[in-house]
Amino acid sequence: MKTNTSHLNNRSSRRNAFSVRSLAIAAVIGICGVAGSATVYAQATAGKIFGTAPAGETIYAKSVTTGFKRHVQADSKGRYSIGALPVGVYTVTLEKDGNPIEKHPNVGVIVGRGVKVDFADSAAKE
């Protein structure tokens, strides 16, 4: 009888070990799944602002609600693009020599889309 009891104890231990391993594997898969979906979620909540401005000038986009701020310079052809902006409402400002020249308030950034904001040529303003 000792053999049967010992055999039953081994079988029970195997079941417990199998359950623990299965639980551990499920936890790892679940964590990886959550991490993967967080990345997709972050990418799906951004937009961009693009347009034209005087070549070499700086363009700032500042969130009205959060204060998040990003800037770029217009390229040699006068094009710019500010990507990966969180969804929201922005004020887009053209600066020349550190001074604001022109502002576009209430620019709405939408998920996965770009919003075109053009600035007049600074030579025409002077």
Which of the residues belonging to segment 66-82 are of a type outside the set (D, E, K, R) and open to solvent by 50 Å² or more (accessible area, probe 1.4 Å)? Thr66, Phe68, His71, Gln73, Ser76, Ser81
Within the bounds of segment 87-99, is there any residue that is under 16 Å from the mean Cα position of the chain (by Cα), open to solvent by 30 Å² or more (accessible area, probe 1.4 Å) and within 18 Å of Thr52 (Cα to Cα)? no
Quick check on segment 47-65: of everything there that is farther than 16 Å from Ile101 by Cα and free of Cβ contacts under 8 Å to residues at least 60 places away in the same chain, which residue is least open to solvent (accessible area, probe 1.4 Å)? Ser63
Can you work out which of the residues in segment 37-54 that are in a loop (DSSP other than H, G, I, E, B) and modelled with pLDDT of 95 or more is nearest to the chain's Cα centre (by Cα)? Ala53
Condition first: assigned to a loop (DSSP other than H, G, I, E, B), more than 16 Å from Gly56 (Cβ to Cβ) and free of Cβ contacts under 8 Å to residues at least 60 places away in the same chain. Now tell me which residues in segment 66-120 satisfy that. Thr66, Gly67, Phe68, Val87
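The values are calculated or read from the model by the stated rules, or taken from the named source; none is laboratory data. Remember, predicted model here, so these are calculated numbers, not experimental data. Neighbour counts are summed over all protein chains in view; Cβ atoms, including those assigned to glycine, are modelled from backbone coordinates with ideal geometry. Surface accessibility is based on the protein's heavy atoms, side chains included, excluding ligands, DNA and RNA. Shrake-Rupley method; radii C 1.70, N 1.55, O 1.52, S 1.80 Å.
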